[in-house]
Amino acid sequence: MSYVDAGYSIALATLFVYAVSLILRRRRWEKALQMSEPGVEPEGAPAHGDPS
Amino acid sequence: MSAMTPSTGTMTRRPRWLTVVGVLGVVAMGFTVWLGLWVTPPDEFQGNLARLLYIHPAIATVALYWVGLVAAGGSLLYLWPRTRSLFWDRLAAASVEVGAVFAALTLVTGALWGRPVWGVWWTWDARLTSTALLLLLEIGYLALRRVPAEPAIRARRCAVAALLIAIDIPIVHFSVDWWNTLHQGGTFIDPGFQIHASPSMSWTFLLGFIAFSLLFVWLLGVRYQVEVLQDAVGDQELEVSLSERWSEDTELVGAGAGTGTGTGTGVGAPVPSPGGDAP
């Protein structure tokens, strides 16, 4: 691999990985915010008033 | 599209303009790579190595000027009492994190160009050293931001740190003038703004600047949203903890009143105090 190919590959791959990590972080914090809402039950949990 | 939490009124929007900027950045980057690797001719002196110059100066421009502008500007506006808002603090923090990525890429792409042209991966040249210092300072800023503190204290402390980091930016910029460095000064555009390159090379160079600048804006926007969400979750958890603590206190007071008078209220059973079940 030439220096030029390496330079382009590293730059583009780094930016791509960082962008994806930001999107995943944003999604995770959105879920955390929804979970921390008072009265919001975690997924799969029985709703209030449901017979257990 | 937006994620909204009605009870707190906190809203983290995903504005359409940000998506448009991201798409434009990706398209511009695609054209830059295509032009830079396949369309433009090799340089008369550097051959194919000149193709690295379509990305390295553009990345360095983002790392130095755009990041410096947003981080220092945001920090100043936060510290200024009339414009004080956590918006500026979050924007500066987002900018520094994105800037650290671009600063690291500046050093890596520069080393990949320097090895065949200068014969070394790294040298303690003023431009290289001051850029590496910038990266280290940005990492220090991010570490400082993780130190637990109240939002206002953290914001003030980080704003001061960002302004201290900004002192390094003119040093990086003028390092090639102030010291005798291996890193050359402006060779593509001279002080009279005369461009020394063929049209296809010039357009690719310009497009590279636009592409990386658009990507910076998009990354900054998304990173800012993460910052807002983090703070919203922190506020929400604090609110829940306080309300739980309040309800515990209320129950304890109710139990104390019930056992102290011996009369009760007649509504429900008295709430036992923690550990109060022992005979």
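The values are calculated or read from the model by the stated rules, or taken from the named source; none is laboratory data. It should be emphasised that the depicted structure is a prediction, and the values quoted were computed from it without experimental measurement. Cβ atoms come from the backbone with ideal geometry, glycine included; neighbour counts cover every protein chain shown. All accessible areas refer to the heavy atoms of the entire protein, side chains included, with ligands and DNA or RNA removed. Shrake-Rupley method; radii C 1.70, N 1.55, O 1.52, S 1.80 Å.
State the number of residues belonging to segment B:129-162 that are open to solvent by 20 Å² or more (accessible area, probe 1.4 Å), closer than 19 Å to B:Ala60 by Cβ and within 16 Å of the chain's Cα centre (by Cα).
4
Quickly run through segment B:238-257 and pick out the residues that are surrounded by 13 or more Cβ atoms within 10 Å (Cβ to Cβ) and facing chain A (nearest Cβ under 9 Å).
Scanning segment B:238-257 gives B:Glu239, B:Val240.
Here is a check on your reading of the model: is B:Ala211 at the interface with chain A (Cβ under 10 Å from one of its Cβ atoms) and at pLDDT 80 or above?
Judged against the criteria, B:Ala211 is not a match.
Could you go through segment B:12-20 and let me know if any residue there is crowded, with 18+ Cβ neighbours inside 10 Å, in a helix (DSSP H, G or I) and at pLDDT 95 or above.
Checking segment B:12-20: not a single residue is crowded, with 18+ Cβ neighbours inside 10 Å, in a helix (DSSP H, G or I) and at pLDDT 95 or above.
Out of the residues in segment A:24-42 meeting the condition of being part of a helix (DSSP H, G or I) and open to solvent by less than 60 Å² (accessible area, probe 1.4 Å), tell me which one is modelled with the lowest pLDDT.
Looking at residues that are part of a helix (DSSP H, G or I) and open to solvent by less than 60 Å² (accessible area, probe 1.4 Å), I get A:Ser36.
Only one of these is in a helix (DSSP H, G or I), modelled with pLDDT of 90 or more, in contact with a strand residue (DSSP E or B) (Cβ under 9 Å, 6 or more places away or on another chain) and not polar (S, T, N, Q): B:Leu219, B:Leu229. Name it.
The match here is B:Leu229.
What single numbered condition from (1) part of a helix (DSSP H, G or I); (2) modelled with pLDDT under 95 fails to hold for B:Asn180?
(1)
Grab the helices (runs of 4 or more DSSP H) fully contained in segment B:23-128, keeping just those with 1 or more residues being open to solvent by 20 Å² or more (accessible area, probe 1.4 Å), within 14 Å of chain A (Cβ to nearest Cβ) and out of contact with any Asp or Glu (no Cβ under 7 Å at 6 or more places or on another chain).
B:56-61, B:86-118
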